[in-house]
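> This is the structure I want to talk about, given as structure tokens.
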Amino acid sequence: MLEIKNLHASVDGKEILRGINLTVNAGEVHAIMGPNGAGKSTLSNVLAGRDGYEITQGEVIYKDENLLDLEAEERAQRGVFLAFQYPVEIPGVSNIYLLKAALNAVRKHQGLDDLDAIDFLTLVRSKLDLVKMDEEFLHRGVNEGFSGGEKKRNEILQMALLEPSLAILDETDSGLDIDALKTVSEGVNALRSDDRSIVMITHYQRLLDYIVPDFVHVLSDGQIVKSGDKELAKELEKTGYSWINDDA
Amino acid sequence: MPSMKGLTELATPFATMTSDLGPDVPWLNSLRLKALARFNSQGLPSKKEEDWKYTSLWAMSQQEFTHQASASAVTTEQCDELALLTDNYRVVIVDGRFSAELSQLDNLQAGLSINALSDEQGLAIAQPHLGQQIDMTKAGFNALNTLLMSDGVVITVDSDVKVDKPIELLVINTGETASLATHLRNVIVMADNSQATVIEHYVGLSDAASLTNVVSEAVLSSHAELNQYKLQQESANATHIATLSAKQGSKSQWATNNISLGAKLARNDIHTQLLGEQSHVIMDGLYLVNDEQHVDNHTRIDHTVPNTTSEELYKGVLDDNSHAVFNGKVIVHKDAQKTDANQQNQNLLISRGCEIDTKPEMEIYADDVKCAHGSTVGQINEDQLFFLRARGLDEVSARSLLTYAFAVDVLNRIPSEEIRQALSTVIETRLPQGGI
């Protein structure tokens with residue numbers, strides 16, 4: 001599904017990612033943990049195609065294509081989904097308009113016609129239940145006036161609707177209380193499948209109690225310094241990140 | 001400022017042209033003569049005047065205008081297509097002339113009258129109000145309009161009458177007469193506790209370099225409610241000059257929305273005087289310009305008595321080498337305690353070549369008031385843009401969508417769903433990338 005090879009990336013001439021190697025197979029859930037400033041958000045932004053990052057070395061292969069050659073929207077249309085750490089508010093664009101435009105962009109790439117209004121609404125309603133959102137949210141501006149929890153649930157709603165092959169969840173647990181964390185996690189778990197890979201980027205182990213990963217990687221200073229299974233996350237929870245640099 | 005050829009030729013004895021200017025009545029002739037004297041003494045505004053600092057009339061003043069329209073063949077079907085609304089009372093003016101055939105004024109509701117200024121009844125109704133809402137000592141265009149006004153619409157709504165359908169004034173410039181100048185005067189008289197919605201809709205059918213010089217005057221008695229919207233879609237080479245002016249009695253509400261999309265040069269002067277307590281005005285507007293378009297909106301709200309309120313939101317989207325000017329004046333007079341006034345101007349710049357000159361102004365002479373004003377100039381938000389692209393929208397669509405979202409915000413205070421929808425569709429098709 002995804003193969004990151006020796007990825008180096010800089011922002012304003014400063015190297016943030018310094019040789020990342022990571023292979024994610026279909027159906028796997030990977031957690032990438034690390035302290036602040038390790039490069040976690042840079043990694044998710046580079047994978048999603050945000051401007052402002054210079055790739056100095058390495059490549060990222062996604063479904064036999066070089067992901068880095070594609071524009072952000074081309075990646076999304078091919079099934080790469082980034083759940084934002086800070087979902088933006090877009091007053092004036094209704095949530096339902098965004099959902100429809102996003103779904104139709106993916107469908108167009110797949111050679112499918114736009115869904116008609118009735119089929120679309122039926123589909124969206126079925127997804128709303130998954131994240132326990134009220135239909136009223138569809139008619140509000142995108143994330144406009146949403147609470148932190150509502151914004152994250154809205155991200156998962158978009159993911160449920162778009163059914164990506166590769167979902168990158170960037171600090172999805174940040175700013176969530178325990179109930180919202182459960183709802184969001186249940187939504188993500190319901191979307192786990194053999195043909196969908198998930199990369200979770202998180203500072204805290206807490207999220208991993210709810211979305212149990214197959215693999216855990218520790219990112220530090222732009223490199224993956226340790227990989228293991230879910231037990232590694234527990235170890236981190238106990239010892240913190242301070243040991244990493246000593247050990248490495 | 002050089003005098004205008006074609007226009008000032010009319011400063012020569014105009015007795016010969018009274019037939020073109022509608023009924024030959026002494027009081028009107030005398031009004032015109034005063035306007036003539038006024039125009040001759042002040043001429044057209046120049047950039048030396050503060051209110052015209054950013055808007056040059058030089059190109060227009062070099063143009064030869066005619067006031068004689070040749071016959072044009074606009075059909076009812078065309079009007080149906082051009083009109084913003086389908087279910088409306090419709091007044092159609094073609095190349096400066098009211099058309100009874102194209103207008104739809106059958107079965108007017110009781111208590112509502114709609115007449116052309118060019119007919120005797122309309123003129124008689126307009127007489128006590130003509131020139132009462134405007135200031136002829138400023139901007140020579142008002143004097144010019146008074147001198148040359150040839151047609152327009154006169155609307156009255158009787159006490160306690162709520163007009164059941166919007167009234168659309170469809171002003172069509174066909175372009176069949178080169179460099180045609182038209183001077184329209186509209187008068188709306190709202191009696192106590194009456195209610196109406198009027199849409200002034202200006203359309204150019206060609207790329208003719210026409211001039212529209214329109215003055216609309218509204219009088220709102222107490223408790224009257226008038227929604228007066230304007231949609232300006234003149235031709236790409238047209239000049240559009242408009243004054244929209246009101247006087248408001250107690251507890252009246254005047255809601256304007258001024259959407260400026262067309263013309264090479266467009267200037268709007270919008271003014272209300274809040275003369276009765278608890279009167280309220282909404283002054284909203286949008287200008288969406290590209291290429292070399294120039295749009296200038298000057299608004300003025302006079303709070304003259306206690307307990308009056310005003311809300312104003314003007315938004316602009318500027319692309320290519322367009323130029324926009326916004327000057328909003330809110331004047332709180334010394335007796336106008338408890339005034340609540342809010343004025344905002346927000347601009348979205350799409351290109352590097354465009355220019356906005358914005359000047360929100362408040363003059364406050366009372367001490368117990370709540371007043372806020374502000375102005376912003378920005379670009380498309382990069383975070384929003386990336387978010388939409390990360391959801392699969394291509395960059396062009398994403399930019400269009402964000403521009404649209406920014407612009408349609410000005411329609412929020414229009415209560416009619418039908419009108420909001422119709423206007424948002426017009427705005428959508430006018431986006432820099434041609435739709436979303």
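> Can you tell me the orientation of helix A:148-162 relative to chain A, as the angle in degrees between its alpha-carbon axis and the longest Cα principal axis, to the nearest 10?
80
> Take peptide A:83-93, look around each residue's Cβ out to 10 angstrom, count Cβ atoms belonging to other protein chains, and average those counts. Don't skip to the answer; put the middle values down first.
Working: counts 1, 4, 0, 2, 2, 8, 4, 10, 4, 10, 10.
Rounded to a whole number, the mean comes out at 5.
> Would you work out which of B:387, A:161, B:71 lies farthest towards the positive end of the dipole of the protein assembly as shown, given +1 charges on the beta-carbon of Lys and Arg and -1 on that of Asp and Glu, about the Cα centre?
Selected residue: B:71.
> Of B:190, B:136, which has the most accessible area and how do the rest follow, probe 1.4 Å?
On the way: B:190 0, B:136 45 Å².
If we order B:190, B:136 from most to least accessible, we get B:136, B:190.
> Would you tell me the accessible area of residue A:231, worked out with a 1.4 angstrom probe on the heavy atoms of the protein chains, in Å² to the nearest 10?
We get 100 Å² for residue A:231.
> Using a 1.4 Å probe, how large is the accessible area of residue B:27, given in Å² and rounded to the nearest 10?
70
> How much accessible area is lost when chains A and B come together, counting both sides, with a 1.4 Å probe, in Å² rounded to the nearest 100? Please list the in-between numbers first.
Details: alone 11720 and 17300 Å², together 27110 Å².
Adding both sides of the contact gives about 1900 Å².
> Something else: To the nearest 20 debye, what charge dipole does the stretch A:1-139 have about its Cα centre, counting +1 at the Cβ of each Lys and Arg and -1 at the Cβ of each Asp and Glu? If you can, show how the numbers build up before the last one.
Working: 14 positive and 22 negative charges, 78 e Å.
The dipole magnitude comes to about 380 debye.
> In a GNM of chain A with a 10 Å cut-off on Cα contacts, which of A:129, A:173, A:12 has the highest mean-square fluctuation?
Top of the fluctuation ranking is A:12.
> Pull up all non-local amide H partners of residue B:270: gap of 5 or more, or a different chain, and H-to-H distance under 5 Å with H placed in the peptide plane.
For residue B:270, whose amide H was placed from the backbone, the distant partners under 5 Å are B:244, B:298, B:299, B:300.
> Counting only protein heavy atoms and using a 1.4 Å probe, what share of the accessible area of the stretch A:1-112 belongs to carbon plus sulfur, as a whole percent?
Values: 1970 of 4640 Å².
That fraction is 43 percent.
> Sticking with this structure for a sec: Counting only other residues whose beta carbon sits under 14 Å from that of residue B:208, what net charge do I get with K and R as +1, D and E as -1?
Values: positive: B:264; negative: B:64, B:95, B:176, B:207, B:234.
With Lys, Arg at +1 and Asp, Glu at -1, the neighbours total -4.
> In terms of solvent-accessible area of protein heavy atoms at a 1.4 angstrom probe, what is the ranking of A:113, B:51, highest value first? Numbers along the way, then the final one.
Working: A:113 125, B:51 40 Å².
Putting A:113, B:51 in descending order of accessible area: A:113, B:51.
> Please report the net charge: other residues with Cβ closer than 11 Å to the Cβ of residue B:338, K and R +1, D and E -1.
Working: positive: B:370; negative: B:277, B:335, B:340, B:367, B:368.
With Lys, Arg at +1 and Asp, Glu at -1, the neighbours total -4.
> Suppose we keep just the alpha-carbon trace of the stretch B:140-229; what are its Rg and Dmax in angstrom?
15.0, 45
> Across the stretch B:59-75, in residue order, what do the Karplus-derived ³J(HN,Hα) couplings come to in whole Hz, using 6.51 cos²θ - 1.76 cosθ + 1.60 with θ = phi - 60° and x for Gly and Pro?
Each residue's phi maps through the Karplus curve to give 4, 5, 5, 8, 8, 8, 9, 10, 10, 9, 7, 7, 4, 10, 10, 8, 9 Hz.
> Moving to a separate point now. List the relative contact order of chain A as a percent without decimals, with contacts defined as Cα pairs under 8 Å and 6+ residues apart.
Working: 449 pairs, mean separation 70.6, N = 248.
Taking the mean separation of contacting Cα pairs over the length of chain A, I get 28 percent.
> Still on this model: Taking the Cα centre of the protein assembly as shown as the origin, how large is its charge dipole in debye, to the nearest 20, when only Lys and Arg (+1) and Asp and Glu (-1) carry charge on their Cβ atoms?
Numbers: 58 positive and 99 negative charges, 236 e Å.
In total the dipole reaches around 1140 debye.
> Hey, another quick one. Within a 10 angstrom radius of each residue's Cβ in A:141-151, how many Cβ atoms of other chains show up on average? Whole number is fine.
Numbers: counts 2, 5, 1, 0, 0, 0, 0, 0, 0, 0, 0.
Shielding by partners across A:141-151 averages 1.
> Could you please state how large a percent of the accessible area of the stretch B:150-250 is carbon and sulfur, counting protein chains only and using a 1.4 Å probe?
Details: 990 of 2270 Å².
Within the stretch B:150-250, the accessible surface is 44 percent carbon and sulfur.
> What are the ³J(HN,Hα) couplings of the stretch B:347-361, residue after residue, when phi is run through the Karplus curve with 6.51, -1.76, 1.60 and θ = phi - 60°? Round to Hz, x for glycine and proline.
Using θ = phi - 60°, the values come out as 10, 10, 9, 8, 10, 7, x, 7, 9, 10, 10, 10, 9, x, 10 Hz.
> How big is D for chain B, in µm² s⁻¹ as a whole number, if Stokes-Einstein is applied with the Kirkwood radius of its Cα pairs at 25 °C and 0.890 mPa s? Working shown, then result.
Values: Rh = 22.0 Å.
Translational D for this selection: 111 µm²/s.
> Under a point-charge model restricted to the Cβ atoms of Lys and Arg (+1) and Asp and Glu (-1), what is the dipole moment magnitude of the stretch B:179-333 relative to its Cα centre, in debye to the nearest 20?
Numbers: 9 positive and 17 negative charges, 69 e Å.
Rounded to the nearest 20 debye, it is 340 debye.
> Next question, about the same structure. Which net charge results when you count Lys and Arg as +1 and Asp and Glu as -1 among the other residues whose beta-carbon is under 13 Å from that of residue B:115?
On the way: positive: B:185; negative: B:119, B:120, B:151.
Spelling it out: positives minus negatives among the neighbours equals -2.
> Right, here's the next one. May I ask for the distance between the Cα centers of the stretch B:296-344 and the stretch A:68-116, given as a whole number of Å?
Each part reduced to its Cα centre gives a spacing of 39 Å.
> Next question, about the same structure. Would you please give the residues with an amide H less than 5 Å from that of residue B:256, counting only those at least 5 places away or on a separate chain, with H modeled from the backbone geometry?
It is B:228, B:282, B:283, B:284, by chain and number.
> So in the protein assembly as shown, what percent of DSSP beta bridges are antiparallel if you round to the nearest 5?
Numbers: 34 of 186 bridges.
Rounded to the nearest five, the antiparallel share is 20 percent.
> Starting at the first residue of the stretch B:238-246, write each ³J(HN,Hα) from the Karplus equation 6.51 cos²θ - 1.76 cosθ + 1.60 with θ = phi - 60°, in whole Hz, x for Gly and Pro.
7, 10, 10, 10, 9, 10, 10, 9, 9
> Just to be sure I follow: if Rg is taken over the C-alpha atoms of the stretch B:257-328 and Rh is the Kirkwood radius over the same atoms, what is Rg/Rh?
Numbers: Rg = 14.2 Å, Rh = 13.0 Å.
Rg divided by Rh gives 1.09.
> Here's another thing I want to ask about it. Using only Cα atoms, what is the ratio of the radius of gyration of the stretch B:345-436 to 2.2 N^0.38 Å?
1.37
> Using only Cα atoms, what Kirkwood radius does the protein assembly as shown have, in angstroms?
Values: mean 1/r = 0.0352 Å⁻¹.
Computed over Cα pairs of the protein assembly as shown, the Kirkwood hydrodynamic radius comes out at 28.4 Å.
> Provide B:426, B:317 ordered by accessible surface of protein heavy atoms (probe 1.4 Å), highest first.
Heavy-atom accessible area, descending, gives B:426, B:317.
> Hey, any idea what the orientation-averaged projected area of the convex hull of the stretch B:313-360's Cα atoms comes to, in nm²?
On the way: hull surface 13.5 nm².
Averaging across all directions leaves 3.4 nm² for the Cα convex hull.
> Would you be so kind as to identify which of A:219, A:190, A:232 lies farthest towards the positive end of the dipole of the stretch A:178-248, taking Lys and Arg as +1 and Asp and Glu as -1 on Cβ and the Cα centre as origin?
A:190
> Which cross-chain or sequence-distant (5 or more) residues have an amide H under 5 Å from the amide H of residue B:316, H modelled 1.01 Å from N in plane?
Sorted by chain and number, the residues that satisfy this are B:287, B:346, B:347, B:348.
> Given the Cα atoms of the stretch A:146-248, and with Rh set as the inverse mean 1/r over their pairs in the Kirkwood sense, what is Rg to Rh to two decimals? Working shown, then result.
Details: Rg = 14.4 Å, Rh = 14.6 Å.
Looking at the stretch A:146-248, the ratio lands at 0.99.
> Indicate, rounded to the nearest 5 percent, the antiparallel portion of the DSSP beta bridges found entirely in chain A. All intermediate terms of the calculation are to be shown ahead of the outcome.
Values: 25 of 43 bridges.
So the antiparallel bridges amount to about 60 percent of the total.
> Placing +1 on the Cβ of each Lys and Arg and -1 on the Cβ of each Asp and Glu in the protein assembly as shown, which of B:288, A:39, B:305 has its Cα farthest towards the positive end of the resulting dipole?
Comparing the listed Cα positions along the dipole, B:305 ranks first.
> From other protein chains only, count the Cβ atoms within 10 Å of every residue's Cβ in B:396-409, then give the mean. Walk me through the numbers on the way to the answer.
Values: counts 0, 3, 5, 0, 0, 6, 3, 1, 3, 8, 4, 1, 2, 3.
For this peptide, the per-residue mean of nearby foreign Cβ atoms is 3.
> Let me ask something else about it. Sort B:121-127, B:148-154 by packing, meaning the average of other beta carbons within 10 Å per residue, with the highest value first. Write down the numbers at each step before the final one.
On the way: B:121-127: 18.3, B:148-154: 25.9.
So the peptides B:121-127, B:148-154, ranked by packing, come out B:148-154, B:121-127.
> Any idea what angle helix A:95-109 forms with the longest principal axis of chain A, computed on alpha-carbon atoms, 0 to 90 degrees, nearest 10?
Approximately 70 degrees, to the nearest ten.
> Mind ordering B:329-338, B:301-310 by average Cβ neighbours within 10 Å, highest first? Before the final figure, lay out the partial values.
On the way: B:329-338: 18.1, B:301-310: 22.5.
Taking the mean over residues of other Cβ atoms within 10 Å, the ranking is B:301-310, B:329-338.
The values are calculated or read from the model by the stated rules, or taken from the named source; none is laboratory data. Predicted model, so just to flag it, every value in this text is computed and none were measured. Note: ideal-geometry Cβ built from the backbone for every residue, glycine included; neighbour counts use all protein chains shown. Each accessible area value is taken on the protein alone, full model and side chains, heavy atoms only, with ligands, DNA and RNA left out. Shrake-Rupley method; radii C 1.70, N 1.55, O 1.52, S 1.80 Å.
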